[in-house]
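K.L.:
My questions all concern the structure below.
The values are calculated or read from the model by the stated rules, or taken from the named source; none is laboratory data. Nothing here was measured: the structure is a model prediction, and the numbers come from that model. No Cβ is skipped: glycine too gets one built from the backbone with ideal geometry, and neighbour counts run over all protein chains shown. In case anyone asks, the SASA skips ligands and DNA or RNA and just uses the protein heavy atoms, side chains included. Shrake-Rupley method; radii C 1.70, N 1.55, O 1.52, S 1.80 Å.
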Amino acid sequence: MEPLALARSLRGKLKAGRTRLADAYQARPNAAQYLKGHVRLVDGVLMELWQSLALPPELALVAVGGYGRGELYPGSDVDVLLLLPEAPDDMLTAQLEQLVGIFWDIGLEVGHSVRTIPECVRVAADDITIQTALLEKRLLTGNAALFRELARQLSENLHPQTFIKAKQLEQEERYHRYQESPYSLEPHCKESPGGLRDLQNILWIAQAKGEGHNWQTLKQDGLISPGGCTALQKCERYLQHLRIRLHLIARRREDRLLFDYQEMLAEALGIVASGDKRASEVLMQAYYRNAKLVTQLNTLLLQRFTDTQTSLPLPLQPLNARFQIVGDFLDLTSEDVFKKTPGALLESFSLMQQHPKLRGMTARTLRALWRNRDRINPAFRKDPENRRLFLSLLQSPQGVIHEFRRMNQFGILELYLPAFGKIVGQMQHDLFHVYTVDQHTLMVMRNLRRFALEEFAHEYPYCTRLHNAFARPWVLYVAALFHDIAKGRGGDHSLLGMEDAREFCLTHAVDAQDMELIVWLVGEHLTMSRVAQKEDLTDPSVIAAFAARMWDKRHLTALYLLTVADIRGTSPKVWNNWKASLLEDLYRRDLACLETGDVPEPQGVIQERQAEALRLLRYFALSETVHERLWRQLDTVYFLRHTAEEIAWHTRALHYRIQIDKPVVTARLHQVDGLQVMVYTRDQPDLFLRLAGFFARMGYSIADAKIHTTRHGYALDSFILLNVAHADDDREMLTILEVELARMLEEGIPVEAPAAGRLSRLERHFPITPEVHIRADEREASQQVLSLVATDRPGLLFYIARVLAQHHINLKTARIGTLGKRVEDTFLISGPGLDKTATRLKLESELLQVLQVENIPCHTPKSGLPTPFAANSQNSM
């Protein structure tokens with residue numbers, strides 16, 4: 001048959017066979033049957049091709065890698081070795097090139113190599129990946145004697161110790177690529193920790209040691225227990241089904257559980273929504289639990305393989321009747337320690353804390369821990385000694401985080417605290433948490449612990465100072481352990497968590513005073529973040545109201561430390577210097593209020609700020625009366641909303657141009673983060689709208705806005721801007737901002753709508769439901785508080801401002817809170833008709849429309865600068 005006709009024939013056979021396999025799998029899912037059936041199909045196609053081309057009988061066609069192992073997923077590469085007795089001549093080279101070309105013509109994604117036996121031995125010695133692929137070789141057709149010789153020479157040159165070390169290093173590097181965690185939002189079901197590669201690694205090492213090539217042989221040889229064998233098979237089968245489904249849905253090789261596929265995967269696997277969880281969230285929690293189990297089994301077995309490699313006797317140090325130290329590892333004195341003394345399960349972690357130089361537990365200790373973990377039952381949890389031991393783990397001066405992570409890794413923590421087990425693997429699709437709830441909890445505990453360690457004091461020196469002066473800091477770890485423990489149950493997780501924390505404290509004999517603080521922290525753990533990011537911290541009434549919720553300095557300090565650790569534990573991208581400054585500012589202001597016992601009076605606050613501003617102005621050799629002309633135009637609200645330093649800055653910039661016709665724009669590096677910009681100009685329609693659009697198109701987001709109109713009709717607005725589009729070039733942008741913004745205001749240049757940008761997969765599939773609320777301001781009857789929640793978008797504030805401008809709304813202040821891609825903004829507004837319910841409902845409805853991501857138009861800017869347009873003013877927004 002001609003090569004083209006042969007290729008068409010085999011292509012049709014392959015396509016029809018794959019369709020039959022997929023249909024059969026969809027009708028009756030059987031992963032092993034599909035994988036082996038796909039291998040048989042490809043085997044038949046390749047052998048028919050080999051025979052049709054009449055290749056020399058001295059050659060051998062060898063399957064390697066996953067194909068050699070007998071597993072082919074729908075989108076898998078087909079890895080083959082063309083094994084030659086000697087280097088090919090020109091005629092054979094042409095034949096082989098024709099063969100490889102037909103591989104692709106028939107629809108196979110082939111990974112091929114053409115080598116002699118010496119070449120195979122040499123590249124295997126140099127490359128662990130190739131050596132591993134050749135470990136799973138399988139003869140398809142051709143020279144059997146040549147294949148046997150290849151197997152013999154590869155076996156002779158395989159050094160188990162070297163192979164094991166190389167595979168362990170390879171796994172460590174792979175873990176590092178995936179952030180050492182199986183809990184990625186879009187995990188790779190093959191390569192991520194807890195994926196198929198972890199299971200394959202166990203079998204590769206076992207095979208290299210000559211101890212078996214599948215789970216059954218490992219069980220028969222006593223390397224794994226029957227229960228361990230069953231667990232491994234279940235984990236493997238789950239991942240096989242997941243990967244097969246993923247390839248079939250994506251119609252290609254795709255091993256990432258992308259948001260695009262999670263809902264479809266859940267449906268294909270028969271998973272339905274449960275309670276407040278989407279079907280995709282139920283799917284991912286099941287995946288994370290499976291991945292966690294895989295990493296546990298991988299750790300247990302690889303350590304066992306490593307231990308058997310050590311032939312020299314190790315030094316032994318007895319600790320007590322139950323434990324000893326062997327080398328650098330904690331070891332049991334006998335295999336039945338946990339059976340005889342179940343409380344030793346917790347004692348093992350306590351001993352790890354007491355001996356920080358230990359590198360871990362021996363393989364037999366981990367194995368016994370694993371086999372006896374189910375002894376942690378209701379009776380175990382009620383035992384007073386076990387309760388004392390568990391509390392001591394939290395109270396230990398060292399090793400708290402290491403051992404709680406170890407307890408979580410091996411399932412001990414969720415067995416002792418069943419409520420914690422419910423949050424294991426529970427993802428939070430809120431656009432700012434990137435960890436599952438259990439991992440976030442441990443991250444918060446880690447952050448608190450770092451405050452106590454000298455080597456991390458440079459990160460947050462103020463928190464370190466407070467933590468080191470805080471008596472019994474273990475109460476913070478308990479609060480962290482319970483602060484999110486009720487997530488996913490429905491209802492207010494803070495209130496539900498308080499009940500869990502109270503029960504824990506009562507059953508573990510926690511002192512009444514410490515119990516009160518722990519329970520209070522769990523209930524209030526969101527309060528400080530909300531006040532710092534949504535309220536005006538220069539307003540004395542805000543500080544007074546917050547102080548009323550704090551009992552004393554200890555409560556305030558505990559909440560501050562927990563809040564910093566909590567926000568830092570959501571995502572590496574959420575925390576920034578601006579949030580840090582807001583929290584510290586609130587803490588310091590409230591601490592002063594608590595220590596003096598006085599609620600600051602507005603007039604006294606104003607006098608203090610004015611006096612401090614005048615003191616700062618003297619540094620610039622300005623006259624004692626330099627402030628008078630400007631300050632006569634400023635009212636009480638201005639002095640309450642601005643710090644003394646900001647008042648001095650404004651005065652120095654404006655004292656000689658109070659009645660100037662041209663806009664004044666001054667920008668400087670903010671003392672904490674980003675830029676601070678002051679705009680002074682005759683009040684004009686749509687001013688805030690223009691400013692918001694300008695800043696967005698320049699690549700900045702507004703973190704804070706203070707909007708003020710002087711008595712003589714000038715707008716005096718201050719903004720703190722954070723850089724979202726440039727790479728550390730804030731200093732270079734100062735002059736550009738000042739010149740271009742002043743030109744836009746002077747020439748009446750309207751600003752174009754900023755580009756909306758593209759949605760990420762997370763935003764597309766887990767959008768935040770927008771919320772808009774307008775309520776009366778308790779401090780000023782003529783003002784309203786506008787609060788909104790939405791998915792963050794480039795230029796979002798511009799679209800909000802445009803709606804407000806259309807309703808002739810005046811903006812007083814803006815607090816922009818951003819957590820990842822979630823914005824929680826608060827505006828103080830006034831305007832016609834806002835005291836009427838119908839007006840407020842209409843405004844809320846229009847804002848909701850614009851906050852829907854799909855309703856924000858996308859404009860592509862021609863440059864980073866505003867483009868001219870004709871002025872068309874509507875109001876003073």
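K.L.:
Out of region 220-260, which residues are surrounded by fewer than 18 Cβ atoms within 10 Å (Cβ to Cβ) and of a type in the set (S, T, N, Q)?
P.N.:
Gln220, Ser225, Thr230, Gln233 - these are the residues of region 220-260 that are surrounded by fewer than 18 Cβ atoms within 10 Å (Cβ to Cβ) and of a type in the set (S, T, N, Q).
K.L.:
Same structure again: Anything in region 330-371 that is open to solvent by less than 20 Å² (accessible area, probe 1.4 Å), over 21 Å from Glu385 (Cβ atoms) and touching a residue at least 40 places away in the same chain (Cβ under 8 Å)? List them, or say none.
P.N.:
Once the filter is applied, which keeps residues that are open to solvent by less than 20 Å² (accessible area, probe 1.4 Å), over 21 Å from Glu385 (Cβ atoms) and touching a residue at least 40 places away in the same chain (Cβ under 8 Å), region 330-371 yields Gly360, Thr362, Ala363, Leu366.
K.L.:
Looking at region 566-582, can you tell me whether even one residue there is open to solvent by 20 Å² or more (accessible area, probe 1.4 Å), in contact with a strand residue (DSSP E or B) (Cβ under 6 Å, 6 or more places away or on another chain) and closer than 23 Å to Glu824 by Cβ?
P.N.:
yes
K.L.:
Where in region 703-809 are there strands (runs of 3 or more DSSP E), lying fully within it, with 3 or more residues that are farther than 29 Å from Ile660 by Cβ?
P.N.:
On the way: elements: 714-723, 771-776, 784-791.
Where strands (runs of 3 or more DSSP E) fall fully within region 703-809 and carry at least 3 residues being farther than 29 Å from Ile660 by Cβ, they are 771-776, 784-791.
K.L.:
Which one is surrounded by the most Cβ atoms within 10 Å (Cβ to Cβ) among residues in region 94-110 that are outside any helix (DSSP H, G or I) and of a type in the set (Val, Ile, Thr)? Write out each step before concluding.
P.N.:
From region 94-110, those outside any helix (DSSP H, G or I) are 106-110; that's our starting set.
Pick out the ones that are also of a type in the set (Val, Ile, Thr) and you get 106, 110.
Working: Ile106: 22, Val110: 17.
Out of the qualifying residues, it is Ile106.
For every residue, the table says whether it meets (1) in contact (Cβ under 8 Å) with a residue 12 or more places away in the chain; (2) among the charged types (D, E, K, R); (3) touching a His at 6+ places or on another chain (Cβ under 9 Å).
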position: Met443; (1), (2), (3): yes, no, no
position: Leu448; (1), (2), (3): yes, no, yes
position: Ala452; (1), (2), (3): yes, no, yes
position: Glu455; (1), (2), (3): no, yes, no
position: Val475; (1), (2), (3): yes, no, no
position: Gly488; (1), (2), (3): yes, no, no
position: Leu495; (1), (2), (3): yes, no, no
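K.L.:
Could you tell me whether Asp704 is modelled with pLDDT under 90 and under 24 Å from His642 (Cα atoms)?
P.N.:
Yes: the conditions hold for Asp704.
K.L.:
For the list (1) within 31 Å of the chain's Cα centre (by Cα); (2) farther than 30 Å from Lys422 by Cα, I need the number of the one condition that Ile543 fails.
P.N.:
Among (1) within 31 Å of the chain's Cα centre (by Cα); (2) farther than 30 Å from Lys422 by Cα, Ile543 violates only (1).
K.L.:
Which fully enclosed helices (runs of 4 or more DSSP H) of region 190-253 have 1 or more residues being under 20 Å from Phe305 (Cβ atoms) and among the aromatic types (Phe, Trp, Tyr)?
P.N.:
196-208, 215-220
K.L.:
Which of the residues belonging to region 541-556 are buried (at least 18 other Cβ atoms within 10 Å of the Cβ) and either closer than 21 Å to Gly569 by Cα or of a type outside the set (Val, Ile, Thr) (or both)? First the steps, then the outcome.
P.N.:
Step one: filter region 541-556 for residues buried (at least 18 other Cβ atoms within 10 Å of the Cβ), giving 542-543, 546-547, 550, 556.
Across region 541-556, the qualifying residues are Phe546, Ala547, Met550, Leu556.
K.L.:
Turning to a different aspect of this structure: Given the options Glu455, Glu459, Glu414, name the one that is open to solvent by 40 Å² or more (accessible area, probe 1.4 Å), modelled with pLDDT under 95, out of contact with any Leu (no Cβ under 7 Å at 6 or more places or on another chain) and part of a helix (DSSP H, G or I).
P.N.:
That would be Glu455, the only listed residue that is open to solvent by 40 Å² or more (accessible area, probe 1.4 Å), modelled with pLDDT under 95, out of contact with any Leu (no Cβ under 7 Å at 6 or more places or on another chain) and part of a helix (DSSP H, G or I).
K.L.:
Go through region 124-165 and report how many residues are open to solvent by 30 Å² or more (accessible area, probe 1.4 Å), assigned to a helix (DSSP H, G or I), in contact with a helix residue (DSSP H, G or I) (Cβ under 8 Å, 6 or more places away or on another chain) and over 21 Å from Glu71 (Cβ atoms).
P.N.:
5
K.L.:
Oh, and also: Quick one: what pairs do we get from region 204-218, first residue at positive phi and free of Cβ contacts under 8 Å to residues at least 60 places away in the same chain, second buried (at least 17 other Cβ atoms within 10 Å of the Cβ) and in a helix (DSSP H, G or I), C-beta under 8 Å, 6+ apart or different chains?
P.N.:
Close Cβ pairs satisfying both conditions: Gly212/Leu203; Gly212/Ala206; Gly212/Leu218.
K.L.:
Which of the helices (runs of 4 or more DSSP H) contained wholly in region 485-569 include at least 1 residues that are under 23 Å from Ala471 (Cα atoms), at pLDDT 95 or above and of a type outside the set (A, V, I, L, M)? Break it down stepwise before answering.
P.N.:
Details: elements: 493-507, 512-524, 527-534, 540-549, 553-568.
Result: 493-507, 512-524, 527-534, 553-568.
K.L.:
Exactly one of (1) free of Cβ contacts under 8 Å to residues at least 60 places away in the same chain; (2) assigned to a helix (DSSP H, G or I); (3) closer than 21 Å to Gly488 by Cβ; (4) open to solvent by 60 Å² or more (accessible area, probe 1.4 Å) is unmet by Glu263. Its number?
P.N.:
Every listed condition holds for Glu263 apart from (1).
K.L.:
Another question, then. Mind listing just one residue for me: the one in region 260-297 that is under 14 Å from Lys422 (Cα atoms) and of a type in the set (S, T, N, Q) and, of those, modelled with the highest pLDDT?
P.N.:
Among those residues, the one meeting the criterion is Gln285.
K.L.:
If you go through region 519-556, how many residues are under 17 Å from Asp585 (Cα atoms) and touching a Gly at 6+ places or on another chain (Cβ under 7 Å)?
P.N.:
The qualifying residues number 2.
K.L.:
Inside region 176-211, can you point out the residues that are crowded, with 19+ Cβ neighbours inside 10 Å and aromatic (Phe, Trp, Tyr)?
P.N.:
Within region 176-211, Tyr183, Trp204 qualify.
K.L.:
Would a scan of region 289-307 turn up a residue that is farther than 30 Å from Gln161 by Cα, open to solvent by 10 Å² or more (accessible area, probe 1.4 Å) and in a helix (DSSP H, G or I)?
P.N.:
As a first pass, look at region 289-307 and keep what is farther than 30 Å from Gln161 by Cα: 289.
Still in the list and also open to solvent by 10 Å² or more (accessible area, probe 1.4 Å): 289.
Checking which are in a helix (DSSP H, G or I) leaves us with 289.
Yes, region 289-307 contains at least one residue that is farther than 30 Å from Gln161 by Cα, open to solvent by 10 Å² or more (accessible area, probe 1.4 Å) and in a helix (DSSP H, G or I).
K.L.:
Another one. Out of curiosity, is Ala273 without any contact (Cβ under 8 Å) to a residue 60 or more places away in the chain, touching an Asp or Glu at 6+ places or on another chain (Cβ under 9 Å) and under 24 Å from Leu246 (Cα atoms)? Break it down stepwise before answering.
P.N.:
Working: without any contact (Cβ under 8 Å) to a residue 60 or more places away in the chain: yes; touching an Asp or Glu at 6+ places or on another chain (Cβ under 9 Å): yes; under 24 Å from Leu246 (Cα atoms): yes.
In short, yes.
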